[in-house]
1. Give the residues of region 324-375 that are hydroxyl-bearing (S, T, Y) and out of contact with any Phe, Trp or Tyr (no Cβ under 9 Å at 6 or more places or on another chain), sorted by residue number.
2. Specify the residue that is farthest from K305 (Cα to Cα); the eligible residues are those in region 1-24 that are surrounded by 14 or more Cβ atoms within 10 Å (Cβ to Cβ) and free of Cβ contacts under 8 Å to residues at least 40 places away in the same chain.
3. List the pairs whose first member sits in region 155-181 and is closer than 23 Å to G353 by Cα, whose second member is surrounded by fewer than 16 Cβ atoms within 10 Å (Cβ to Cβ), and whose Cβ atoms are under 6 Å apart, counting only residues at least 6 apart or on separate chains?
4. Are any residues in region 177-214 part of a strand (DSSP E or B) and more than 18 Å from S303 (Cα to Cα), and if so, which ones?
5. Under the condition of being among the hydrophobic types (A, V, I, L, M, F, W, C) and surrounded by 10 or more Cβ atoms within 10 Å (Cβ to Cβ), which residue from region 69-88 is nearest to T213 (Cα to Cα)?
6. Being more than 28 Å from S142 (Cα to Cα), touching a Lys or Arg at 6+ places or on another chain (Cβ under 6 Å), at pLDDT 95 or above and part of a loop (DSSP other than H, G, I, E, B) is the requirement here; does P331 meet it?
7. List the strands (runs of 3 or more DSSP E) that sit entirely inside region 266-322 and contain at least 2 residues that are crowded, with 21+ Cβ neighbours inside 10 Å.
8. Considering only residues that are modelled with pLDDT of 80 or more, in contact with a strand residue (DSSP E or B) (Cβ under 9 Å, 6 or more places away or on another chain) and of a type in the set (A, V, I, L, M), which ones fall in region 58-103?
Amino acid sequence: MPLVTHDDTKPWTSAIAKDAKSRKMPPWFADPRFGSFANDPSLTAQQIETLVKWADAKAPAGNPQDAPPLPRWTDGWNIPPPDLILKMPRPVSIPAEGDVEYTYEIVPTGFAEDRWVQASEVRPSSRGNVHHAVVYIRPPDSKWLREAPVGVPFTASSLQDEKLRHEASSTESDMLLVYAPGSSPDSWPDGMAKFIPPHSDLVFQMHYTTNQTSVGMVFAKDKPKQRIFTLQLANDHDTIPIPPGADNYRVEVQGTLPNDATLLSFFPHMHLRGKRFEYNIVHPDKTIETLLRVNYDFYWQLSYKLAQPRLLKAGTRLQAVAWYDNSRNNPHNPDPEAAVQWGDQTYNEMMVGFFDVAVPANLDKWHFFRRSKRD
């Protein structure tokens with residue numbers, strides 16, 4: 001519930017002071033020892049002290065004449081009014097209980113020319129039933145899911161062709177954006193945008209979908225100098241389960257950048273046993289430079305935008321490390337006696353370290369991943 005007036009707020013005085021003092025609120029999980037982030041909403045020590053003193057004084061109202069104007073709440077989209085809204089054509093129903101497969105829906109954009117997307121936002125019609133959503137850009141020359149139905153929801157198991165079923169979970173297509181609980185829309189500075197070629201489709205990959213999800217897009221006014229790629233470091237094929245009761249199980253994955261790129265932001269993703277996530281640079285002398293360390297919370301999956309974007313040279317070795325708590329000490333653990341496998345469902349686990357980079361606008365993904373002979 002919004003706390004707009006003094007009367008709204010006063011009953012919550014103690015909770016506000018307690019959560020501010022413990023830094024539970026506002027939600028932010030980056031370890032302050034590593035990195036500086038443009039979207040950090042953390043309160044300063046002075047702000048926290050002010051709140052605690054106000055609570056200790058029984059929350060006086062102050063002079064009404066000094067009150068600031070009432071805030072204007074966003075009604076609808078959090079990005080500027082979209083230039084275009086694309087909606088999944090058909091709603092998807094989910095059962096009251098049981099597992100739900102990833103659901104896909106292919107939506108043609110109808111674009112007749114290049115489009116540069118400077119801001120985008122996913123809006124599920126029922127947020128409480130969406131575990132995550134990924135919106136992929138399928139260009140016209142892509143063979144991915146070409147034999148799948150368009151404009152109707154489908155799952156991998158509903159496809160008749162075995163090759164097509166396998167294709168559903170594996171693609172090299174660019175991502176327009178990712179949505180998860182607590183995440184915010186994508187918005188890029190002037191001169192940066194994501195690219196959608198003409199005649200492309202958007203492929204919605206939905207987990208725990210209900211009703212109809214939309215994506216709103218704000219187009220750049222001019223062709224940008226840089227395009228954004230969302231890349232990932234992922235360990236999604238680990239055959240060794242997390243042992244029952246393990247409270248600090250470690251998983252890592254490494255990769256090298258094929259070409260120069262400017263690092264912009266991070267978005268770690270795990271499930272209910274996720275404990276901590278870290279992005280590092282492994283330097284040639286084997287020293288580790290930590291870029292971000294997050295005390296992970298599945299219910300607040302935030303992005304972390306660098307205050308100063310960082311140029312990374314081709315060959316830079318990036319490392320993502322995740323820790324899991326499969327013990328009884330984890331209040332979100334659905335079953336501490338289970339050996340946890342990697343998989344799509346929330347009671348399984350994932351380890352995906354998304355990160356956004358900027359490259360020259362004329363560099364497509366295929367050429368970005370071409371490595372020079374020296375690499």
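The values are calculated or read from the model by the stated rules, or taken from the named source; none is laboratory data. Note that the coordinates shown come from a computational prediction; the quantities given were computed from them, not determined experimentally. Glycine also receives a Cβ, built like all others from the backbone with ideal geometry; neighbour counts cover every protein chain displayed.
1. S327, Y347, S372
2. Filtering first and then ranking leaves W12.
3. Close Cβ pairs satisfying both conditions: P181/Y299.
4. Filtering region 177-214 down to residues part of a strand (DSSP E or B) leaves 177-179, 186-187, 192-196, 201-207, 211, 214.
Within region 177-214, F195, I196, D201, L202, V203, F204, Q205, M206, H207, N211, S214 meet the criteria.
5. Out of the qualifying residues, it is M88.
6. no
7. 274-282, 288-295
8. Answer for region 58-103, where residues must be modelled with pLDDT of 80 or more, in contact with a strand residue (DSSP E or B) (Cβ under 9 Å, 6 or more places away or on another chain) and of a type in the set (A, V, I, L, M): I79, L84, I85, L86, M88.
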